[in-house]
Amino acid sequence: MLDRFFKLRERHTTLGTEVVAGTTTFLAMAYIILVNPAILASAGMDKTALILVTCLATALATLATGLFANAPIAMAPGMGLNAFFAYSLVLTDHLTWQTALGVVFLSGLFFFLLTAVGIRQKIVEAIPRSLISAVSAGIGLFITFIGLVNLGIIQKNEVTLVAAAPITPTVMVGLAGFLLMLLLEMHRIKGAMILGIMMSTLIALWTGLVPWPKEFVTFHFDLSPIAFKLDILAALKGGLFGAIFSLMFMHLFDSIGSLVACCHQAKRVDEKERLIGLDRLLSIDALASMAGAILGTSTITAYVESATGIGQGGRTGLTSVVTALLFVLAIIFVPLISVVPVYATAPALILVGFFMIKEVREINFEDVEKGFPAFVIIVMIALSYSIATGLAFGFLSYVLFKILRLKFAEVKPVMWVIAGLSCLHFIV
């Protein structure tokens, strides 16, 4: 039954592989259970309720991608998007968090309308192959940088911006898990990332670097402080078009960047290099954001950490179903999950970055007209700490090069629209 529904044999995978892949994706993105509430709580929202909503919204959105799109893609409240919600809309623009949730809902609604009329898919198909490869490589470099920071090897420096950090006991523990991952990967043993994360966590517990949990489960659930509290009318009345557009733009290119990178890694492309099932994934993405706003969380989007599960062989929606079920279980086991230190999961991001950055071999850097915009995307995604910003810079440079060479006909109509949206992103 599972084989028929998820097409396991057709996609050259097995039940065991999908379970391992789904578990790996969960472990790689489980940090969102703690990080998202911490960010949104700064906007005045109830942190305990946020933990529950984060798990629930992530589970529902990811389950939808598994059952309705048969894709190994996980979705959750987006990093960067949640920061925009809390620090820009609420703390800087002085919106109430209820009105900010209304902005999230409206941006998701407009996002869905763009998908329904096929504009979002046309946007993806208008992007040249070299830029698509650059997106994958750029995100690979981006999550590698995040992994290095989380591991503690890279730190902030007031003079050089970033610098190598001292090798501390926590770094050594993380590196031990990383070496195990590499060793298992060399021997093509499934579950390398999970085993590495588990080993680092156990070492941290045994050496006292992290405390043993005081309790393993909790049954205190209450959504009422934040669920169904969004204020759509206030978002409409407040002249917040700029905020809605900015959030929609960030969501648009965050999701497109993650989906393009992950779908190519999962070989979910046809003979014309078009992403298979993209329209369903984009629709789920938009609807999930609207549902998330109703439940009480910021914009939900496709997660690039899905690449960790894909890297472990995940090829079908069963990977997503496993990830979703683990997020449901996480609602009960939050005290236990919170024990896993960030430096234990960081090596998984570094290893996935290695897998993804190999896409640079598809870019012709000898042709400056094609190679430089790709280079811009790769560099700016990582250095701006934003997928959306990196893509905007790259798309603008691609169109600018075509204008300078008077090759207007080589730019697809939708690409002109993308360039215009990129300009508006920086202006707004």
Inset, instruction - Could you please tell me which pairs satisfy a Cβ distance under 8 Å, a separation of 6+ or placement on different chains, a first residue in region 333-351 that is on the phi < 0 side of the Ramachandran plot, and a second residue that is at pLDDT 80 or above and basic (K, R)? - result: P335/K214
Inset, instruction - Please indicate, with yes or no, whether at least one residue in region 373-384 is surrounded by fewer than 19 Cβ atoms within 10 Å (Cβ to Cβ), under 21 Å from L81 (Cα atoms), among the β-branched types (V, I, T) and at pLDDT 85 or above. - result: yes
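This table checks each residue for (1) farther than 28 Å from V53 by Cα; (2) in contact with a Gly (Cβ under 8 Å, 6 or more places away or on another chain).
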position: G309; (1), (2): no, yes
position: R315; (1), (2): no, no
position: A324; (1), (2): no, yes
position: I331; (1), (2): no, no
position: V342; (1), (2): no, no
position: I350; (1), (2): yes, yes
position: G353; (1), (2): yes, yes
position: D367; (1), (2): yes, no
position: V376; (1), (2): yes, yes
Legend entry - Selected residue (criterion: surrounded by the fewest Cβ atoms within 10 Å (Cβ to Cβ)) from residues of region 153-178 that are within 25 Å of the chain's Cα centre (by Cα) and free of Cβ contacts under 8 Å to residues at least 60 places away in the same chain: L161
Inset, instruction - Return the only residue of D231, D270, D222, D279 being touching a residue at least 24 places away in the same chain (Cβ under 8 Å) and under 27 Å from K358 (Cα atoms). - result: D279
Inset, instruction - Go through region 284-318 and give me each residue that's more than 11 Å from I73 (Cβ to Cβ) and at pLDDT below 90. - result: T308, G311, Q312, G313
Inset, instruction - Considering (1) under 19 Å from the mean Cα position of the chain (by Cα); (2) without any contact (Cβ under 8 Å) to a residue 12 or more places away in the chain; (3) in the same structural domain as A61 (by TED's automatic domain parsing), say which one L383 fails and leave the rest. - result: (3)
Inset, instruction - Take R268 and decide whether it is over 30 Å from V339 (Cβ atoms), touching a Pro at 6+ places or on another chain (Cβ under 9 Å), in the same structural domain as G311 (by TED's automatic domain parsing) and at pLDDT 80 or above. - result: yes
Legend entry - Positions within region 248-301 being part of a loop (DSSP other than H, G, I, E, B), more than 10 Å from G108 (Cα to Cα) and under 14 Å from the mean Cα position of the chain (by Cα), in sequence order: S298
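Yes/no per residue for (1) under 30 Å from R4 (Cα atoms); (2) not hydroxyl-bearing (S, T, Y):
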residue	(1), (2)
Y303	yes, no
R315	yes, yes
V340	no, yes
A348	no, yes
K370	no, yes
Inset, instruction - Starting from residues that are surrounded by 15 or more Cβ atoms within 10 Å (Cβ to Cβ) and of a type in the set (D, E, K, R), keep the ones in region 6-31 and report whichever is nearest to A348 (Cα to Cα). - result: E18
Legend entry - Test for I146: is it under 22 Å from A307 (Cβ atoms), assigned by TED's automatic domain parsing to the domain that holds P341, surrounded by fewer than 24 Cβ atoms within 10 Å (Cβ to Cβ) and over 20 Å from the mean Cα position of the chain (by Cα): no
Inset, instruction - Could you pull out the residue among L101, L89 that is surrounded by 22 or more Cβ atoms within 10 Å (Cβ to Cβ) and either modelled with pLDDT under 95 or in a loop (DSSP other than H, G, I, E, B) (or both)? - result: L89
Inset, instruction - Identify the residue in region 233-245 that is in a helix (DSSP H, G or I) and farther than 14 Å from S298 by Cα and, among all such residues, is modelled with the lowest pLDDT. - result: G242
Inset, instruction - Working only within region 207-219, note down all residues that are among the aliphatic types (A, V, I, L, M) and either without any contact (Cβ under 8 Å) to a residue 24 or more places away in the chain or surrounded by fewer than 17 Cβ atoms within 10 Å (Cβ to Cβ) (or both). - result: V217
Legend entry - Pair list, Cβ under 7 Å, 6 or more apart: region 399-428 residue among the acidic types (D, E), other residue crowded, with 16+ Cβ neighbours inside 10 Å: E410/K402
Legend entry - Selection count, region 133-177, where residues are charged (D, E, K, R) and closer than 22 Å to L209 by Cα: 0
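The values are calculated or read from the model by the stated rules, or taken from the named source; none is laboratory data. Just so it is clear, the model here is predicted, and its values are computed rather than measured. Note that each Cβ is placed from the backbone with ideal geometry, even for glycine, and that neighbours are counted across all protein chains shown.
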